[in-house]
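Visitor: I have a structure I would like to understand better, so I am pasting it below and will then ask my questions one at a time.
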Amino acid sequence: MARILPTLPVAAFAVVALAPLPLLAAGLVQGGWLALAGLAYMTVLAALIDQLVPLVAADAPEAAEFPAGDALLVVLGVLHLSVLPLAVWLIAGPGTLVLWERVALFLGFGLWFGQVSIPAAHELIHRGARGLFGLGVAVYVSLLFGHHASAHRLVHHRHVASPADPNSARAGEGFYRFALRAWSGSFHAGWRAERALRPGRRITPYTVYVLGAAAVMGLAFALAGWPGVAVWTGLAVHAQLQLLLSDYVQHYGLTRARRPDGKLEPVAAHHSWNARAWFSSALMLNAPRHSDHHAHPARPYPALRLPASEQAPMLPWSLPVACAIALVPPLWKRLMRPYVAAWRTEA
């Protein structure tokens, strides 16, 4: 049985989320075994701590405020926008790194972008301040995924756990089929939602997303030619797949029931999978506390609450481990079948 920690302060999120960066930077400069250090932190170390130190962070008091939370988001967003071009330049350029070092650093940086940068961007696009929102959009655009800033807020939050949401995985649907459907479906659904908000206008946020992606590719080419374009694109796809894995796992097989009037029931705690492990939750800015995020999208991430096990489904593993299992669809579907059956309702 997991023991309860005190509520995690913002400093704990900062230490856990920022610690891989010096390791990854050292790997870029020194190579050798240091090229593996950041990758090991994001994979082996995170999984071991979640398993060997089975602690759960306590819920923050209702209406608790964390003023430093947004400051950490800004630090993470600015660091991402600074580190991504540097990583592309040194991984793709003609430096002294050998092939295995470049591969290890590619994987390590890709995991940090997917598990830290993207959760930070996700938090930022839920903030009301224009500057914070714009920084979140910039992070998504740098990862060639700008449309997620529209699709997540305007489509996913409204239609989650229903057929109208491209990012809600159906029971029995494998991840790879879901990923293709979700990427394309969310792009088009977000576009339609933005157009509906701006009838008759030719310029929408998608203009920024597309032009921003073109500018990013131009920067990649300027840094390291076509290898730079390939590495930047590969890192972006790596991070995007982690976001899609997270969406896949956190809503897999859960559906909202239809009321007698034909409308879907309101979104509730039992429409998202959650995870308890404290270390990976700190690393991912409490993204595994997904039910409470859907109930309170503007709630600061340190204040997100973990629902009781009888109120919402709990993953039997930490979120990163669940995502790794989902990469093997037959295994994922077999292991999840009894858990889904206990919570599934027909839409």
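Quick note: the coordinates plus some simple rules give every number you see, no bench work behind them. This structure is a prediction, so every number in the text was calculated from the model and none was measured. For neighbour counting, all protein chains shown are included, and Cβ atoms are generated from backbone atoms with ideal geometry for every residue, glycine included.
Visitor: Name the residue, out of 141, 53, 237, whose mean-square fluctuation peaks in a Gaussian network model built on the chain with Cα pairs under 10 Å.
Guide: Its mean-square fluctuation being the largest, the pick is 53.
Visitor: If the label point is 7 Å along Cα→Cβ of residue 81, which residues in the stretch 108-125 have backbone nitrogen under 18 Å from it?
Guide: The answer is 113-114, 116-125, whose backbone nitrogens lie closer than 18 Å to the label point.
Visitor: I want to verify a result. In a Gaussian network model of the chain, Cα cutoff 10 Å, which of these has the top mean-square fluctuation: 85, 163, 94?
Guide: 94
Visitor: A further question on this structure: If you find the alpha carbon centre of the stretch 317-336 and of the stretch 60-108, how far apart are they in angstrom?
Guide: 26 Å
Visitor: Quick one: Karplus J couplings for the stretch 91-105, per residue in order, coefficients 6.51, -1.76, 1.60, θ = phi - 60°, nearest Hz, x for Gly and Pro?
Guide: 6, 8, x, x, x, 8, 5, 8, 4, 5, 5, 5, 5, 4, 5
Visitor: I've got another one for you. Mind giving me the nanometre distance, one decimal, between the label points for residue 309 and residue 56, set 7 Å out from Cα along Cα→Cβ?
Guide: About 0.7 nm, to one decimal.
Visitor: Can you give the Rg to Rh ratio for the stretch 3-343, taking only C-alpha atoms and Rh from Kirkwood?
Guide: Rounded to two decimals, Rg over Rh is 0.95.
Visitor: For the stretch 150-162, take each phi angle, set θ = phi - 60°, evaluate the Karplus expression 6.51 cos²θ - 1.76 cosθ + 1.60, and give the result in whole Hz per residue in order, putting x for glycine and proline.
Guide: Each residue of the stretch 150-162 in turn: 8, 5, 5, 6, 8, 10, 4, 5, 7, 10, 3, 6, 9 Hz.
Visitor: Using amide H atoms built 1.01 Å from N in the peptide plane, name the residues 5+ places from residue 56, or on other chains, whose amide H lies under 5 Å from its own.
Guide: Residues meeting the amide H criterion: 3, 4, 5.
Visitor: Which one, 35, 275, 214, has the greatest fluctuation when you compute a Gaussian network model over the chain with C-alpha springs under 10 angstrom?
Guide: Taking springs between Cα atoms under 10 Å, the residue moving most is 214.
Visitor: How about the stretch 240-337: which trypsin sites (Lys or Arg not before Pro) there are in a DSSP loop, with at most 16 other Cβ atoms within 10 Å of their Cβ?
Guide: The qualifying sites are 263.
Visitor: Based on DSSP loop calls and a cut-off of at most 13 other Cβ atoms within 10 Å, the longest stretch of the chain free of exposed GluC sites (Glu not before Pro) is what?
Guide: 66-309
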